[in-house]
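The values are calculated or read from the model by the stated rules, or taken from the named source; none is laboratory data. On a predicted model such as this, the values are computed, not experimentally measured, just so you know. Heads up, the Cβs are rebuilt from the backbone with ideal geometry, glycines too, and the neighbour counts pull from every protein chain shown. The protein model used for the area step is the full one, side chains on, heavy atoms only, and it has no ligands, DNA or RNA in it. Shrake-Rupley method; radii C 1.70, N 1.55, O 1.52, S 1.80 Å.
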Protein chains: 2
Amino acid sequence: MAKEIERKFLVSGEHWRHFADAGVAIKQGYLVAMDDRSLRVRTYDDGHACLTLKIGKTALSRDEYEFDIDAETATDMLHHAVGTVLEKVRYEVEHEGFTWEVDEYGGRYSGLVVAEVELDSEADLPKIPDWVGHEVTGDDRYSNQAMALSAATTGPLDEPHSQSG
Amino acid sequence: MAKEIERKFLVSGEHWRHFADAGVAIKQGYLVAMDDRSLRVRTYDDGHACLTLKIGKTALSRDEYEFDIDAETATDMLHHAVGTVLEKVRYEVEHEGFTWEVDEYGGRYSGLVVAEVELDSEADLPKIPDWVGHEVTGDDRYSNQAMALSAATTGPLDEPHSQSG
């Protein structure tokens, strides 16, 4: 089973928009959010929807099962989400042979823009675009699960260095 | 969404077998087992498999989502079950206009045979077959989720009246 190797960064400025595709709007909620397993439901504004079960504590040791489900059922399931239903538009940006996924959050996290790049191996060294800022790989505050479950804030996440631990 | 109304009984003797169909062998495990939601994976020996999410604390207020999945994926998912993977053969027995499901457990619960009848309304009064014994409707010890999670015992469940609470 494929394992995920990803690096995650905050995005600075608006320059990335020149290179982005049209984007797809996503709503996602967690039906289950535990330390070692989660069940996520997602709807996409292109009409498809999926249910994703992740089991395992770290991305490198995680098993992931994904099932397409019908959008109406998925929308109904979102009402049972624990915490916040996240809203974001996901764009793809090609840069020097790598595909970056740029997530622009709406709703409670409006203002937050995060870029992820998926690597074939940990030795991969993608060229970092100039619109990419601070790296937040492994920072749990930027995991979607943590964002969905965290207590409401008045704006986007605190600055990366304003919290310890 | 349809809500379940079921009555559950212990089965005494072997007489029911004369009226039963060929039965289907089921393995089922819980990937998530929480107070108000559960995720169950089941394989059937006829080759099909399903994933069932139940949300809500009581059968009468529960939403249930069921998805057919491929059997190979389901078998892989059973390795992630919490607690025991339950094994049972499910038979159907017609009796006086009602269909009884008789579950004969194997593995750790070998010796336990439970019959369930589904009702259209709580006012339904099915005629109880003579092979049906003590009623255990609402007795959590006979819920499959509780059986999967309970600590190992040396045999089938204790006698219905040997525990209080």
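Annotations
- Calculated log₁₀ intensity ratio I(q)/I(0) where the Debye formula runs over C-alpha points of the range B:1-73, q = 0.15, 0.17 Å⁻¹: -0.71, -0.86
- The label-point distance for B:Cys50 and A:Ser121, in a model that sets each label 7 Å from Cα toward Cβ, rounds to 4.5 nm.
- In the structure shown, the pairs A:Lys8/A:Lys88; B:Lys88/B:Lys127; A:Lys54/B:Lys54; A:Lys27/A:Lys54; B:Lys54/B:Lys127; A:Lys8/A:Lys57 are assessed against 20 Å; a Cα-Cα span above that value is assigned to B:Lys88/B:Lys127; B:Lys54/B:Lys127.
- Over the C-alpha trace of the protein assembly as shown, radius of gyration and Dmax come out as 24.5, 78 angstrom.
- Projecting 7 Å from Cα along the Cα-to-Cβ direction, the label point of A:Ala146 sits 3.8 nm from its equivalents in the other copies, listed shortest first.
- Inter-part distance, the range B:90-136 to the range A:96-151, computed on C-alpha centroids, equals 53 Å.
- Extent along principal axes [Cα atoms of chain A; Å; largest to smallest]: 40, 39, 36
- Pseudo-label separations to other copies for B:Gly106 - Cα-to-Cβ vector, 7 Å, nm: 5.1
- Residue mean of other protein chain beta carbons inside 10 Å, A:34-40: 2
- For the residues of A:65-77, the average number of beta carbons from a partner chain within 10 Å of their own beta carbon is 2.
- Buried solvent-accessible surface, both chains (A, B), 1.4 Å probe, Å² to nearest 100: 1600
- Cα gyration tensor shape of the range A:56-121, rounded if a/c is under 1.5, else prolate or oblate by comparing a/b with b/c: oblate
- Computed about its Cα centre, the charge dipole of the range B:2-149 is approximately 560 debye, with only Lys, Arg, Asp and Glu carrying charge at their Cβ.
- Whole-angstrom gap from the range A:17-58 to the range B:1-63, using each part's C-alpha centre: 29
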